[in-house]
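J.: Input: one structure, supplied below.
What follows draws every value from the coordinates through simple rules; no lab data is involved. For clarity, every value in this text was computed on a predicted model and none was experimentally measured. Positions of Cβ are generated from backbone atoms using ideal geometry, with glycine treated the same way; all protein chains shown enter the neighbour counts.
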Amino acid sequence: MRPGHGAAAGREPMSPPSPTRRQGFAEHCSAPPKPAARATKPAVGRGLPGWSLLVTLALCFGGSVGAGAAPLPATGTVEALFTPWDDAEGAIVRALGEARQSIHVQAYLLTSRSIARALQDAKARGVAVEILADKEMVGKGENSLIPKLAAEGIPVWLETRYANAHNKVLLVDALGAQGFVITGSYNFTWSAQARNAENLLILRDNPALLRRYLENWRRHRDEAEKMNGTK
C-alpha cells in the first residue's frame, strides 16, 4: 500500500496506556459482575392486566358483576331428543298438555301451529300462559304466531335489550311440585323438526333448576316491553 493511503493514513501512532489507566482497567475486569435486575410484576390495575381487564369489561357490558351461578344438584330425569330423528314437536305438545297451573315461554321463533295450538288449549282450560319473544323476529317473521296468540289474550312481552333473545325455554307448572323445564337448541318451528339438526331436553323433578329458570324468565320479563294490544 502506498504511503499516505489506506485506513490508517493521517492517524497518529497510539501511545501505550498509562499506569493509572492500566490499574483501573484491571480493577474493572476483576470486580464481580453485578446481579441482573429482577423483572417486576406490574401492579394489578396498571395497564389493566388479567382480572382487572375482565372486571372492567364486565362492568362496561353487563353493568354489574355477578358472583357466578352456584352448582345445582343433579336430580330427577332427563329426556333427550334429537331432530330430525325424534319427534321433539310431539314431545313438546304432550308436555304442554300436562300443564295445570302455568306455562312460561321464552321463544326466539314460534311458527309451529301444533305448539301454538297446545298453548291455546292450555289457556282454554285455565292455565296461565305467558310469553317472552324476540321483538325483531316477531316483527320480520311473516309466519310468526306470536301476534295471533297475543290477539287471543295471551300476555306477550318483547325483548329488545339483546342482539338476539335466543332462549328456547318452556316452563310447565313452574310453581308446582310437579313442574319441569323444556329447553335446548330447538326453535318452536316446523323447520326445527323436519329440516334442522336440533336437540331438546325435558328436565323433570329438579325444583332447584326449575326455580333458576323461572328467576331468569322473570328477569327478562321485567326488562322487556309489553306487546301492543296485550293485557
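J.: Compute the FRET efficiency between residue 91 and residue 175 as 1/(1 + (r/R0)^6), taking r as their Cβ-Cβ distance and R0 = 30 Å, and round to the nearest 0.05. Before the final figure, lay out each step's value.
T.: On the way: r = 22 Å, r/R0 = 0.75.
Working from the Cβ atoms, E equals 0.85.
J.: Counting only other residues whose beta carbon sits under 14 Å from that of residue 200, what net charge do I get with K and R as +1, D and E as -1?
T.: Overall, the nearby charge balance is -2.
J.: Which of rounded, prolate or oblate describes the stretch 77-226 when judged by the alpha-carbon gyration tensor and an a/c cut-off of 1.5? Kindly include the intermediate steps, with their values, before the conclusion.
T.: Values: a/c = 1.30, a/b = 1.07, b/c = 1.21.
Rounded shape, in that the Cα axes give a/c under 1.5.
J.: Hey, what did the stretch 92-231 get for relative contact order, percent, Cα under 8 Å, at least 6 apart?
T.: 29
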